[in-house]
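The values are calculated or read from the model by the stated rules, or taken from the named source; none is laboratory data. Keep in mind that this is a model prediction, so the values were computed, not measured. Backbone-built Cβ (ideal geometry, glycine too); neighbour counts: all protein chains shown.
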Amino acid sequence: MKNVLNSMFVAVLITGIAGLSSCTSTPAGKSGKPVLLAVSFGTSFNESRALTIGAIENALATAYPDYEVRRAFTSQIVIDVIKERDGEQIDNVKEALQRLVKDGVKDLVVQSTHLMDGIEYHEMLDTIKPFESKFNSVRYGKPLLSSDKDYDDLIKALAAETAQYAASDTVVVYMGHGTEAASNQDYTILAKKLVEQGYKNYLIGTVEAEPTLDDVIAEVEALGVKKTVLLPLMIVAGDHANNDMAGDEDDSWKSILESKGFTVTTVLKGLGQYPGVQQIFVRHVSEAIAK
């Protein structure tokens, strides 16, 4: 397995952790500021969490210094793993809202870092709704892919991050999670827009929905190339990226592609590390505040 990591991994990790600390170091309820609550699915991979979710939160804190940035995760499983393993407590959405009310926060902006308007996003909205009357204002920033501009900006970010692999004999394959929700169509829309914008060697597949890995393999074979680069189309490079995509087990995407004669390079870098992706979320906050 050839893992291509950020050449400044350690430095960025330290910077990300330090930056996140500065975002959350104000004692609860004493800043007097409105709160910007960044809600993520979460990951138990500490390094990726700092480099992705932490980087997004840092970008939000830098762009909106008049807000106190706080964190919540939607995955209780991830929260429990981190607490048991590391002794670190991260609020779920309900706990974060209860803490906000207790701290006397009156104005709230909620920015989801989810990829799309799917099940997790709607569960977040359902959890927050009963608390809305306890605030003077609650505004919502949309998920990553919510408009044509979002698709265009994401494609620019993907192209910038993978420019070194742009070659006629190489296919860049992004692995998404997939969802049962109607928003799963976002993967197909993104794949279509990539082709329309000239990125014909960029393919999208999902772990748990469609397009499938078999669909991706058929497309790679149709292109007649043997070099593939695998990257996660996920905010973090967590369990799916490390195991389902880049793992050494026989059923990983890397192993399956290699068994079919393809040369595979894996890149364990979540979308949250991309500056272009961070700025999409910054823009979504701005749009939410302007409402």
Problem - Test: residue in the range 107-114 that is assigned to a loop (DSSP other than H, G, I, E, B) and either assigned by TED's automatic domain parsing to the domain that holds Lys33 or not aliphatic (A, V, I, L, M) (or both) - result: yes
Exercise for the section: Can you run down the residue pairs with Cβ atoms below 7 Å, 6 or more apart or on separate chains, where the first is in the range 117-145 and loosely packed, with under 14 Cβ neighbours inside 10 Å and the partner is part of a loop (DSSP other than H, G, I, E, B)? Expected result: Glu123/Thr74; Asn136/Lys106
Exercise for the section: Sort out for me the helices (runs of 4 or more DSSP H) sitting completely within the range 174-286 that have 2 or more residues that are of a type in the set (S, T, N, Q). Expected result: 185-196, 253-259
Problem - Breaking point among (1) surrounded by fewer than 21 Cβ atoms within 10 Å (Cβ to Cβ); (2) under 13 Å from Gly42 (Cβ atoms); (3) of a type in the set (Gly, Ala, Ser), for Gly87 - result: (2)
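Have a look at Ile119, Ile155, Ile204 and point out the one that is modelled with pLDDT of 95 or more and within 22 Å of Asp244 (Cβ to Cβ).
Details: Ile119 fails: modelled with pLDDT of 95 or more; Ile155 fails: within 22 Å of Asp244 (Cβ to Cβ).
The conditions single out Ile204.
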Problem - Among the candidates Asp215, Asp250, Asp244, residue that is buried (at least 18 other Cβ atoms within 10 Å of the Cβ), among the acidic types (Asp, Glu) and within 27 Å of Asp169 (Cβ to Cβ) - result: Asp244
Handout entry: All positions within the range 37-85 that are closer than 19 Å to Ala288 by Cβ, in contact with a strand residue (DSSP E or B) (Cβ under 8 Å, 6 or more places away or on another chain) and β-branched (Val, Ile, Thr)
Key = Val39, Ile53, Ile56, Val69, Thr74
Exercise for the section: Determine, yes or no, whether Ile56 is assigned by TED's automatic domain parsing to the domain that holds Val285, closer than 21 Å to Gly118 by Cβ and crowded, with 22+ Cβ neighbours inside 10 Å. Expected result: yes
Exercise for the section: Go through the residues of the range 68-81 one by one and say whether even a single one is farther than 28 Å from Ser286 by Cα, buried (at least 20 other Cβ atoms within 10 Å of the Cβ) and either touching a residue at least 12 places away in the same chain (Cβ under 8 Å) or not polar (S, T, N, Q) (or both). Expected result: yes
Practice task
Inspect all residues belonging to the range 161-171 and state whether any of them is under 26 Å from Glu123 (Cα atoms) and in contact with an Asp or Glu (Cβ under 9 Å, 6 or more places away or on another chain).
Solution key: no
Handout entry: Count of residues meeting criterion [outside any helix (DSSP H, G or I) and either charged (D, E, K, R) or modelled with pLDDT under 95 (or both)] in the range 28-82
Key = 10
Completion exercise
Taking the range 84-106 and keeping only residues that are within 17 Å of Glu123 (Cβ to Cβ) and not in a loop (DSSP other than H, G, I, E, B), one is left with Asn92, Val93, Lys94, Glu95, Ala96, Leu97, Gln98
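Among what's in the range 145-173 and is among the polar types (S, T, N, Q) and outside any helix (DSSP H, G or I), pick the residue that is farthest from Leu115 (Cα to Cα). Before the answer, list the steps.
From the range 145-173, those among the polar types (S, T, N, Q) are 146-147, 162, 164, 168, 170; that's our starting set.
Applying the additional criterion that residues be outside any helix (DSSP H, G or I) yields 146-147, 162, 168, 170.
On the way: Ser146: 9, Ser147: 12, Thr162: 19, Ser168: 29, Thr170: 26 Å.
Per the criteria, the residue is Ser168.
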